[in-house]
Amino acid sequence: MLILTQAFNHQGQHHMACFSRYNASPGGRISLAWQAFTASKGKFEGDKSKSETAPKQFLRGFTLCITNPKITIFFLAFLPQFVVLENGPIIAQFYQLGALMVCVTLVVFGAVAIAAGSLGIWIKGSPKTQIWLNRISGIVFISLAVKLATAEK
C-alpha cells in the first residue's frame, strides 16, 4: 500500500484536498478556477521518497497496515462465510484463508505498483505527456468550478 501511495504524485492529493475545501461560495469557485489555470504550469516531480531507505519505507507501510482497523473488520466480515466446520479446525481455516489473501494482495498490489512506477517514469520523461495531463487536469478543475457555480443549494 505504501508503494502505491508513493507511486502517485502528491500534487494530485493536494488538489483533491483543496477541492474538498471548496463549497458553493464564490471564493471557492474562483479558487478552483485558479487551480485549473495554474495546473497547466505544473511539472511532474515523481517519487519524493527517494531519501528514505527501503527498510524505513517498509516499516512505515507495515505500521500503516497493522494499525488500519478496516483490514481487521474486513477479514472478520468476509472470511467466515468460507469457513466450513467439516473441513477441520476453524482457526486453521482462517489462517489458510488469511495467507491466501496475503499472497493475492502481494501479487495484485505488486503489479499495480510496478505499473504505476513505470507509468511515472514514462510521464516524467515525456514533456508532451506532462503538458497533456496538465491540460486535462485544468479541464477537470474548470468543469468542477462550473458544476459548483451551477449547483443548487
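The values are calculated or read from the model by the stated rules, or taken from the named source; none is laboratory data. What you see is a predicted model; the values in this text were computed from it and never measured. Neighbour counts are summed over all protein chains in view; Cβ atoms, including those assigned to glycine, are modelled from backbone coordinates with ideal geometry.
Could you say whether any residue in the range 63-70 is aliphatic (A, V, I, L, M), more than 30 Å from GLN35 (Cα to Cα), surrounded by 11 or more Cβ atoms within 10 Å (Cβ to Cβ) and under 19 Å from the mean Cα position of the chain (by Cα)?
Looking only at the range 63-70, we keep the residues that are aliphatic (A, V, I, L, M), and these are 64, 66.
Now restrict to residues that are more than 30 Å from GLN35 (Cα to Cα): 64, 66.
Okay, now just the ones that are also surrounded by 11 or more Cβ atoms within 10 Å (Cβ to Cβ), so 64.
Subset that is under 19 Å from the mean Cα position of the chain (by Cα): 64.
Yes, some residue in the range 63-70 is aliphatic (A, V, I, L, M), more than 30 Å from GLN35 (Cα to Cα), surrounded by 11 or more Cβ atoms within 10 Å (Cβ to Cβ) and under 19 Å from the mean Cα position of the chain (by Cα).
How many residues does the range 112-130 hold that are out of contact with any helix residue (DSSP H, G or I) (no Cβ under 8 Å at 6 or more places or on another chain) and exposed (fewer than 12 other Cβ atoms within 10 Å of the Cβ)?
So the count comes out to 5.
Need pairs with beta-carbon distance below 7 Å; first residue of a type in the set (Val, Ile, Thr) and within the range 110-126, second surrounded by fewer than 16 Cβ atoms within 10 Å (Cβ to Cβ); sequence gap 6+ or separate chains.
The qualifying pairs are VAL112/LEU4; ILE123/THR129.
Kindly evaluate LYS43 against the criterion of being closer than 30 Å to ILE139 by Cα and at pLDDT below 75. So that I can check it myself, show each step before the final result.
On the way: closer than 30 Å to ILE139 by Cα: yes; at pLDDT below 75: yes.
The answer is yes for LYS43.
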